[in-house]
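Below you'll find the structure I mean.
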Amino acid sequence: MLPASWKSVEAGGLIRLGSERDGGYIVSKRAVLASRLLIGMGVNDDWQFEEEFRRLGDARIVCFDHTVNFAFWARYYVEQTLRLRWNRWTRYLGYRRFFGQSGVEHRRIRIGYDQPGGVSVAGLMREFTERDVFLKIDIEGSEYRILDEIVAHRDRFTAVVMELHDLDLHRDRIERFIEGMSGFAIVFLHANNFGGVDGQGDPLVVEISLMRKDLLDPPVPGQPKLVLPANDTRVPDIELRFA
């Protein structure tokens, strides 16, 4: 079972941004509108969250992913062709169109430490002067390198949404992170069933949304709770259990 402190709170004014499945999050609309900058960590071939964020608010968007380069797109098109996914052929054009806009940027830089080709959260906070920053993180396990820095700079953030991997190995670190994010509340926690479960039936990967409490609306009586379907529709979703 997961710790009871990980349970999401009831709140109003929540919306879904991004895919209905993998890559989508439930967030506070007020947090989006209050943000002056969205920092996206991890791009791959999905920027739907960032596109919808851009349409809703007026924030600058800067994304970081060192893996998305010419070799990435070459492999991508070979794989999609072999799988006969002809509808994916225009994906690169969509990437160029979105990241070619004014106020939207993709940097081929690794998130983690301040070094050539890499940058830490502290380094980003030194570079960017905006006070109201929305963080979106999906960096395939490297999130554990930056959790402490997120806590240290939490007063700069409107929200933090991320995918957390290998929960069986890092449960204590996640618990300390959640405890350290004072002034924030979990409004969304969802198991990513692509990641599977541990020996107790608990998920190995979850998606979490933490919103600044002063940017949350009170729950609306009778309003149904927003949920997302299973990431992988071929297998059942994973039920979250709390102790």
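The values are calculated or read from the model by the stated rules, or taken from the named source; none is laboratory data. Just so we're clear, the structure is a prediction, and the values are computed from it rather than from any experiment. Because the Cβ atoms are built from the backbone with ideal geometry, glycine has one as well, and the counts that use them run over all protein chains shown.
Could you give every pair whose Cβ atoms fall below 8 Å, whose first residue belongs to segment 222-243 and is farther than 21 Å from residue 194 by Cβ, and whose second residue is assigned to a loop (DSSP other than H, G, I, E, B), counting only separations of at least 6 or pairs across chains?
Here the result reads 225/10; 242/1; 242/3; 242/7; 243/1; 243/3, each pair linking segment 222-243 to a residue that is assigned to a loop (DSSP other than H, G, I, E, B).
For the subset of segment 231-243 comprising residues that are among the hydrophobic types (A, V, I, L, M, F, W, C) and at pLDDT 90 or above, which member is nearest to residue 14 (Cα to Cα)? Walk me through it before giving the result.
If we filter segment 231-243 for residues that are among the hydrophobic types (A, V, I, L, M, F, W, C), which is where we start, we get 235, 238, 240, 242-243.
Okay, now just the ones that are also at pLDDT 90 or above, so 238, 240, 242.
Details: 238: 22, 240: 20, 242: 23 Å.
Per the criteria, the residue is 240.
Have a look at 35, 28, 8 and point out the one that is closer than 22 Å to residue 165 by Cβ, at pLDDT 95 or above and surrounded by 15 or more Cβ atoms within 10 Å (Cβ to Cβ).
From the options 35, 28, 8, the qualifying one is 8.
Another question, then. In the list 179, 163, which residue meets the criterion of being outside any strand (DSSP E or B) and touching a helix residue (DSSP H, G or I) at 6+ places or on another chain (Cβ under 8 Å)?
Just one listed residue meets the conditions, 179.
Next question, about the same structure. What are the residues in segment 110-130 that are surrounded by 13 or more Cβ atoms within 10 Å (Cβ to Cβ) and basic (Lys, Arg), if any?
110
Report whether or not residue 73 is of a type in the set (Phe, Trp, Tyr) and surrounded by 16 or more Cβ atoms within 10 Å (Cβ to Cβ). Show your work before the answer.
Working: of a type in the set (Phe, Trp, Tyr): yes; surrounded by 16 or more Cβ atoms within 10 Å (Cβ to Cβ): no.
In short, no.
Would you please name the residue that is surrounded by the most Cβ atoms within 10 Å (Cβ to Cβ), looking only at residues in segment 177-192 that are farther than 19 Å from residue 203 by Cβ and free of Cβ contacts under 8 Å to residues at least 40 places away in the same chain?
Just the residues of segment 177-192 that are farther than 19 Å from residue 203 by Cβ, to begin with: 179-185.
Right, trim to free of Cβ contacts under 8 Å to residues at least 40 places away in the same chain and you get 180-184.
On the way: 180: 14, 181: 18, 182: 10, 183: 11, 184: 22.
This residue is 184.
Scan segment 101-143 for residues that are of a type in the set (Asp, Glu) and either in contact with a Leu (Cβ under 6 Å, 6 or more places away or on another chain) or over 18 Å from residue 42 (Cβ atoms) (or both) and jot them down. Walk me through how you get there before you give the answer.
First pass over segment 101-143, keeping only residues of a type in the set (Asp, Glu): 105, 114, 127, 130, 132, 138, 140, 143.
Answer for segment 101-143, where residues must be of a type in the set (Asp, Glu) and either in contact with a Leu (Cβ under 6 Å, 6 or more places away or on another chain) or over 18 Å from residue 42 (Cβ atoms) (or both): 114, 127, 130, 132.
Could you check, for segment 125-132, whether at least one of its residues is under 18 Å from the mean Cα position of the chain (by Cα), under 18 Å from residue 18 (Cα atoms) and outside any helix (DSSP H, G or I)?
No: segment 125-132 contains no residue that is under 18 Å from the mean Cα position of the chain (by Cα), under 18 Å from residue 18 (Cα atoms) and outside any helix (DSSP H, G or I).
Exactly one condition in (1) closer than 30 Å to residue 234 by Cα; (2) at pLDDT below 95 is false for residue 170; which is it?
All conditions pass for residue 170, except number (2).
Follow-up. Does residue 121 count as in contact (Cβ under 8 Å) with a residue 40 or more places away in the chain, of a type in the set (A, V, I, L, M, F, W, C) and within 23 Å of residue 34 (Cβ to Cβ)?
On the way: in contact (Cβ under 8 Å) with a residue 40 or more places away in the chain: no; of a type in the set (A, V, I, L, M, F, W, C): yes; within 23 Å of residue 34 (Cβ to Cβ): yes.
No.
Going through segment 50-60 one residue at a time, which ones are under 14 Å from the mean Cα position of the chain (by Cα) and over 13 Å from residue 29 (Cα atoms)?
Answer for segment 50-60, where residues must be under 14 Å from the mean Cα position of the chain (by Cα) and over 13 Å from residue 29 (Cα atoms): 50, 51.
Also: Pick from 50, 20: which is part of a loop (DSSP other than H, G, I, E, B), under 30 Å from residue 227 (Cα atoms) and in contact (Cβ under 8 Å) with a residue 60 or more places away in the chain?
It is 20.
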